[in-house]
Each structure stands twice: as structure tokens, then as C-alpha cells.
Amino acid sequence: MKGTYRSPRRLLGIGWSLHGDGSRPLPGAVVMPDERLSWPRTVGLGAQHVVAMFGATFVFPVVMGLDPNLAIMMSGLSTVLFLLVVQGRIPSYLGTSASFVGAVAAIRAAGGSTGTVTGAILVAGLVLALVGLVVHYAGPGLINRAFPPVVSGAVVLLIGLNLAPVVAKIYWPQDQWVAFVTMCVVVGAGVLLRGFWGRLAVFVGLVSGFLLSWLLDRLAGPITSPGPSGGVGRHLRVQLSGVASAPWVGLPHFQAPTFSGSAILLVLPGVIALLAENTGHIKAVAEMTGKDLDPTLGRAILGDGLATAMSSSVGGAPTTTFAENIGVMAATRVYSTAAYWAAAGAAVVFGLCPKFGALVAATPGGVLGGITVVLYGMIGLLGVKIWIKAGVDFGNPQNLVPIAAGTVLGIGGVSVTLTDTFSISGIALGTLVTLVGYHGLAFVGRRRPAEAPARTEPARTAVQQPGARADAAADVPVDVSSEGRPVTAGAGA
């Protein structure tokens with residue numbers, strides 16, 4: 001029997017069918033990964049994805065002492081590599097991962113160079129890719145057993161809500177009222193606007209917040225508030241001096257990796273967090289699209305590992321599938337991978353344009369606070385949706401207790417210090433406690449003797465009243481109470 005022919009473009013995941021007439025999503029419908037809107041609209045959606053990923057993709061490299069423009073460019077190339085590996089079945093953007101920030105800080109504190117940092121991350125990426133190969137050939141059952149719905153839902157919840165302190169401590173305090181207005185615009189646009197504009201709610205909120213901040217600078221003057229670094233001072237909300245001084249075109253700074261055994265050991269635990277993030281993100285995307293993505297889970301992990309290795313091989317930052325962009329998909333219900341190709345192309349171009357990076361970096365913190373408070377919450381609630389759909393029973397202590405502990409540890413950003421140079425915190429700690437707690441309790445439960453059923457015995461024949469049938473109560477089972485008193489079944493309390 002002849003197999004179904006798939007063109008090379010389809011095999012690579014770059015052949016899309018037009019959704020409807022391409023002008024807007026059909027009423028009540030979603031745009032699937034192998035569909036697209038018209039190219040101008042697809043490019044517009046790609047721009048929204050760039051905006052969503054840009055903040056974290058730009059900031060985390062700065063924290064790790066890496067070139068942010070290189071990180072932006074490599075995030076685009078990493079996204080292309082990922083989409084090719086998964087054959088276009090999983091719509092995701094690969095931005096800078098925060099999983100290694102703590103380890104990188106420890107390496108820097110010990111005198112490690114940028115080459116040492118990227119060399120260690122490169123090894124971690126190759127280890128993650130190896131895990132992806134194992135999952136691909138062993139089957140998704142390996143991951144599904146490790147991450148059943150109760151656990152995967154918790155991981156998705158952690159991924160979204162673990163980012164809440166970023167909103168509360170960094171973005172929102174910079175301008176609470178602009179943040180509040182921007183949040184209201186995003187919520188209102190997402191719910192009240194119809195058609196294509198309703199699906200661009202995040203972009204509408206960004207532009208509105210930016211314009212509002214600019215107007216407030218002109219009408220009310222500078223604001224006294226914390227800046228991105230946390231220091232309180234008086235400053236304008238929109239600061240464009242960096243945009244004016246930045247060149248239009250410029251290559252990022254490339255860096256060859258070097259390898260240190262101690263540095264590698266420090267970053268390897270980050271692989272656990274990347275594995276958990278990838279699994280949680282794929283589960284979230286599967287939930288949104290209604291597609292079974294388990295067969296491509298190994299490819300997704302492999303793609304992320306290869307992308308991290310590729311990025312760090314030239315001095316770039318580690319990558320991961322981005323929660324922010326999953327939030328955009330949840331808001332727009334457009335899952336087209338064509339939009340991610342557009343976003344990836346834009347990221348490569350922007351990475352070569354320091355002026356654009358400076359412009360996006362000038363987005364006021366209050367605006368980012370209003371946008372991210374919606375996006376992060378939507379991501380977290382996708383985890384709850386996984387629980388609901390799977391019918392997870394939280395009346396069962398095996399489900400309730402470890403998930404409760406892991407969730408609070410992860411959302412609260414609790415840190416456990418193991419040595420002077422190594423600690424585990426946030427998503428990694430919450431996931432570890434959830435996994436070990438759930439599977440450990442399940443293991444013990446399977447080997448614990450089952451509780452004996454309640455003992456019953458025939459009721460003794462009572463003294464019969466005149467005219468009563470002698471066998472009236474003879475066959476009624478009686479539960480023996482803990483005090484030894486017989487309690488007739490069916491009797492009231």
C-alpha cells in the first residue's frame with residue numbers, strides 16, 4: 001500500500017493552508033499550527049510574539065553578563081531550529097532561559113569568564129538533547145509516567161505563577177497606575193474587541209501603555225519610582241536617549257566557549273528545570289490546540305537542547321520554550337507556526353539592529369507590568385485546566401499534599417542552599433518536590449497493606465414483641481462501631 005505523500009515543505013513544517021479567507025479567524029474557531037492568516041496579519045502576530053519575548057530575552061542575558069543583542073539574534077535562529085526539529089507541529093518561541101541564572105552567578109563569583117559560562121551551558125544543552133533522543137525512541141510514556149496530569153498541571157501552574165514576583169517586585173512598582181491602566185486595556189481588548197483586533201489585545205495594551213506613559217511625561221513630568229535595577233529615583237517614564245545613540249546596524253559580540261568541570265557540574269541541575277519547562281509548555285500547547293503532542297515530546301526536548309547548544313557555542317544565552325508566547329497564543333487563539341517564523345526572522349534582524357533593541361528596551365516598566373500580569377495568570381490557569389480535564393481528585397492526599405507543597409515553594413521562589421556555591425529554587429525546587437513527593441507517596445502506597453474493610457456480623461435476635469415476625473431483623477447486617485456497639489445499617493446518626 002502506498003503511503004500518503006507529504007511534500008518536503010510539509011515535512012519541514014513550512015507548508016501552511018490559508019485559514020478561511022485569511023483576513024481574520026473564523027467565528028469561534030482557532031488558527032491551527034499548520035494554518036495561517038494573510039501574510040501581513042501573520043507578520044503582525046509575529047511582531048506581537050517578538051514583543052512578548054523581548055523583555056525576558058533581553059534582560060536575562062544582561063543579568064548573566066552576556067550580550068543581549070546576540071541573545072535576541074540567537075533566539076530567532078534557535079526558534080527556526082526548534083520548528084524544523086518538531087516539523088512545525090509545536091508552535092513555540094525559544095527565548096532566553098532563566099534556569100541557569102543562579103548557576104551562572106556562582107560561576108562568575110568564582111572568577112569564571114563568559115567563555116566558561118557558555119561552555120558549561122553548551123554541555124547542559126547537549127545533555128538535554130540526549131534526554132530528548134531517549135524520550136523520542138523510548139516513547140512519550142517515559143515522560144508521561146514522570147509527569148501525569150496532576151504533576152504536569154502543577155508544572156504549568158508553576159511556570160505561570162512563578163513569574164508573579166517579576167510583576168510585583170520589578171515591573172508594577174515602576175509605575176503602578178500605568179500598569180493598572182495597561183492591564184485594563186489588555187483585559188478589555190481581549191474580551192470586548194471583536195475579530196482580529198481582539199486577538200491583538202497584548203499589542204494594543206503595549207501601544208496604549210507606551211503612549212500613555214509618553215503623555216504623562218509631557219503633562220505631569222518625571223515620576224519618582226524604582227527603576228529596572230530597583231533603585232528609587234526621579235526619571236521620565238519613556239527614556240529614548242539610548243535609542244538616539246544606538247547605531248542602526250551592528251554585529252553582536254561572539255564568544256568561543258571554554259570548558260571547566262566544576263562549572264559544568266554547577267549548571268547541570270538546570271537541565272531538570274528545562275525538562276520540566278518543556279514538558280509543561282508542550283502540555284499547555286496541547287491543551288490549547290486540542291492536539292495530542294505526546295509523539296513529538298522527544299523532538300521538542302531534543303530541539304531545545306540543540307538550540308541551547310547552538311546558542312552557547314557562539315557566546316549566546318541558553319534557550320527554552322517561552323511561557324510569555326504561550327500566553328499570547330492563549331489570548332489570541334492563533335497557533336500558527338507561520339507567526340513564529342515571522343517572529344524568528346524579526347528577531348534575527350533586530351539582533352543586528354542595536355537601535356531597535358534600545359527602543360524595545362525603553363518600554364516603560366509599568367507597561368510591562370500591565371501586560372505580564374495578564375499573560376502570566378493565563379499561563380498558570382492552563383495548568384488548572386489540565387487538572388479539570390483530567391479529573392484530578394484533590395480529595396486524595398497523594399495528589400493534594402505534594403502538589404500543595406511544591407506549588408508554594410515554586411510560586412514563592414523559595415531557595416534551598418546545598419553548598420556555598422549551589423542552591424535550587426523556584427520552578428526547579430517546586431518541580432522536584434512535586435515529582436519526588438508524588439511518586440514517592442505512590443510507591444509507598446502501592447506497598448502498604450490495604451485497610452481491612454469494616455467488620456460486619458449478623459444481628460442477634462432481639463426479644464420479640466407479641467405479634468412481631470421472628471426473622472424481621474435476623475438478616476440485617478450490623479456495622480460494629482469503634483466502641484463495639486452494633487449500629488444497624490441504614491440507621492440515622
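Within the accessible area of segment 212-299, the carbon and sulfur atoms contribute 65%, probe 1.4 Å, all protein chains present. Of the peptides 105-112, 368-375, the order by per-residue mean of other Cβ atoms within 10 Å, starting with the highest, comes out as 368-375, 105-112.
Of the peptides 159-170, 67-78, the ranking by mean beta-carbon count within 10 Å, highest at the top, reads 67-78, 159-170. Annotation: amide H of residue 95 within the under-5 Å range of 320, 322, sequence separation 5 or more or interchain, hydrogens built in the peptide plane. For residue 223, nonlocal amide neighbours, meaning residues 5 or more places apart or on other chains whose placed amide H falls under 5 Å from its own, are 235, 236, 237.
The phi-based Karplus calculation (6.51 cos²θ - 1.76 cosθ + 1.60; θ = phi - 60°) puts the 3J(HN,Hα) values of segment 329-335 at 5, 4, 6, 9, 6, 10, 10 Hz, whole numbers, x for Gly and Pro.
Once you list every other residue whose beta carbon is under 12 Å from the beta carbon of residue 224, what net charge do they have if Lys and Arg are +1 and Asp and Glu are -1? It would help to have the intermediate numbers written out before the result.
Numbers: positive: 234, 237; negative: 175.
With Lys, Arg at +1 and Asp, Glu at -1, the net is +1.
The HN-Hα couplings worked out from phi for segment 401-415 by the Karplus form 6.51 cos²θ - 1.76 cosθ + 1.60 (θ = phi - 60°) are 5, x, 5, 4, 5, x, 5, 5, 4, x, 5, x, x, 4, 10 Hz, whole numbers, x standing for Gly and Pro. Seen from residue 167, the other residues with C-beta closer than 15 Å to its C-beta sum to a net charge of -1, counting Lys and Arg as +1 and Asp and Glu as -1. Distance from the Cα centroid of segment 391-450 to that of segment 233-311 is 25 Å (rounded to whole angstrom). In this structure the amide hydrogen of residue 414, modeled in the peptide plane, comes within under 5 Å of the amide hydrogens of 426, none closer than 5 places in sequence on its chain. For segment 379-384, backbone phi angles converted through the Karplus equation (6.51, -1.76, 1.60; θ = phi - 60°) give residue-by-residue couplings of 5, x, 6, 5, x, 5 Hz, Gly and Pro being listed as x. Other residues with beta-carbon under 12 Å from the beta-carbon of residue 209 carry, at +1 per Lys or Arg and -1 per Asp or Glu, a net charge of 0.
The values are calculated or read from the model by the stated rules, or taken from the named source; none is laboratory data. Here the structure is a predicted model, which is why all the values come from computation and not from measurement. Note that we place each Cβ from the backbone using ideal geometry, even for glycine, and neighbour counts take in every protein chain shown. When the accessible area is computed, the model is the full protein with side chains, heavy atoms only, and any ligands, DNA or RNA have been set aside. Shrake-Rupley method; radii C 1.70, N 1.55, O 1.52, S 1.80 Å.
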